[in-house]
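The values are calculated or read from the model by the stated rules, or taken from the named source; none is laboratory data. Predicted model only: the values in this text are computed from it and were never measured. Neighbour counts are summed over all protein chains in view; Cβ atoms, including those assigned to glycine, are modelled from backbone coordinates with ideal geometry.
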Amino acid sequence: MHLLSIRELPKEDIETLLKLSLEMKTAWQKQQPLPSFAGKVVGMMFMENSTRTRVSFEQAARRLRLDTCTFGVMGSSMRKGESLKDTVLTLMHEGIDALVIRHHCSGAPYLAARCFHGPVINAGDGMHEHPTQALTDGMTILERKGKINGLKVAIVGDVLHSRVARSNMWLLSKMGADVHLVGPRTLMPRLAGRLPATLHYDLFPALEGADVVMALRLQKERMGQGLISSLGEYASMYQINQRTIRFAAEDCLVMHPGPMNRGLEFDDRVPDGPQSVIHQQVENGVYVKMAVFTWLFEGSKAKHEVAV
Ligand code: ASP
């Protein structure tokens with residue numbers, strides 16, 4: 001079993017993982033016994049920058065008595081020209097039991113899963129998906145709102161380059177949310193009409209009455225030239241700030257996967273305001289990864305009948 005995308009994950013598995021994540025949180029906070037995978041080693045292959053995702057996988061592993069072996073492109077033989085496939089095979093023969101992989105190429109975790117003997121977890125691949133971030137966001141919404149079904153969720157900004165937006169729109173729509181995407185035309189996927197969401201180019205109809213507002217970072221590292229006229233103009237049209245957030249529901253949740261750029265997708269107030277759950281997202285990221293490890297290592301034993 002692997003966790004490669006949310007699009008391909010059946011709704012029952014999403015529900016199981018959300019439920020398990022909430023259970024992990026309760027167990028950790030109440031100091032109840034947690035699953036232990038002592039003796040297993042997780043390879044953490046980070047070929048792109050990461051703070052939250054990498055540290056939260058390491059924290060989750062530590063809490064479940066898993067050992068980790070972290071490496072990135074700088075310190076590995078990939079710098080000497082070794083392919084992804086050969087790197088994965090090397091790790092496998094060195095006795096690594098599971099692989100967490102972040103890669104700038106969309107689809108890299110699928111290639112890894114084809115040659116690796118154990119579970120592979122996609123920790124963000126190019127512009128494709130970021131399944132554990134969507135599970136983290138789903139868990140946070142469930143905690144705060146008690147449900148996902150029927151909520152209006154506005155995802156704002158650089159949808160085109162965002163793997164977070166892609167995983168979230170699949171997860172949230174499968175769970176019954178009404179998903180709205182908004183951003184400049186140049187930052188919307190070309191086949192956006194086929195996605196399970198309503199598209200907007202103006203901020204206000206997307207924000208109107210929204211229960212959740214999820215802001216995205218401009219993914220400058222994945223952007224070509226000429227996609228936005230200027231950062232100032234982008235901010236004037238799509239920034240979530242004290243003025244624009246008033247269009248959303250009064251009790252809306254403000255979310256961001258991080259890292260955020262204050263002054264661009266946000267002003268300096270909203271991320272620290274009462275509606276922001278950004279720190280809760282960061283904390284929940286650890287419980288989600290504990291749930292994902294448990295689900296992958298225990299398989300059907302970790303499955304629960306759930307209704308969320
Ligand atoms: N941390 C998220 C990701 O890796 C979001 C971002 O970088 O903007 O996709």
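Worth pointing out:
- Of the helices (runs of 4 or more DSSP H) lying entirely inside the stretch 195-308, the ones with 2 or more residues being modelled with pLDDT of 95 or more, within 16 Å of the ligand (Cβ to nearest atom) and charged (D, E, K, R) are found at 278-298.
- Hits in the stretch 1-39 (condition: among the β-branched types (Val, Ile, Thr) and surrounded by fewer than 19 Cβ atoms within 10 Å (Cβ to Cβ)): 26
- Residues (out of contact with any His (no Cβ under 9 Å at 6 or more places or on another chain) and closer than 26 Å to residue 6 by Cβ) located in the stretch 74-95: 85, 87, 88, 91
- Taken as a whole, the structure places residue 279 among residues that are surrounded by fewer than 16 Cβ atoms within 10 Å (Cβ to Cβ), under 18 Å from the mean Cα position of the chain (by Cα) and either in contact (Cβ under 8 Å) with a residue 60 or more places away in the chain or on the phi < 0 side of the Ramachandran plot (or both).
- Hits in the stretch 149-170 (condition: basic (Lys, Arg) and either in contact with a Leu (Cβ under 6 Å, 6 or more places away or on another chain) or within 16 Å of the ligand (Cβ to nearest atom) (or both)): 163, 166
- All conditions in (1) assigned to a helix (DSSP H, G or I); (2) away from the ligand (no atom under 11 Å from the Cβ); (3) polar (S, T, N, Q); (4) over 14 Å from residue 7 (Cα atoms) hold for residue 173, with the sole exception of (4).
- Any hit, the stretch 106-129, residues being touching a Cys at 6+ places or on another chain (Cβ under 8 Å) and not β-branched (Val, Ile, Thr): yes
- Test result for residue 211, under 21 Å from the mean Cα position of the chain (by Cα), farther than 21 Å from residue 7 by Cα and not basic (Lys, Arg): yes
- Filtered residue count, the stretch 22-68, keeping only those that are in contact with a strand residue (DSSP E or B) (Cβ under 7 Å, 6 or more places away or on another chain) and closer than 20 Å to residue 108 by Cα: 11
- Condition check for residue 55 on (1) at pLDDT 95 or above; (2) in contact with a helix residue (DSSP H, G or I) (Cβ under 8 Å, 6 or more places away or on another chain); (3) among the aliphatic types (A, V, I, L, M): one failure, at (2).
- Within the stretch 139-170, the residues that satisfy the criterion of being within 17 Å of the chain's Cα centre (by Cα), in a loop (DSSP other than H, G, I, E, B) and more than 16 Å from residue 255 (Cα to Cα) are 160, 161.
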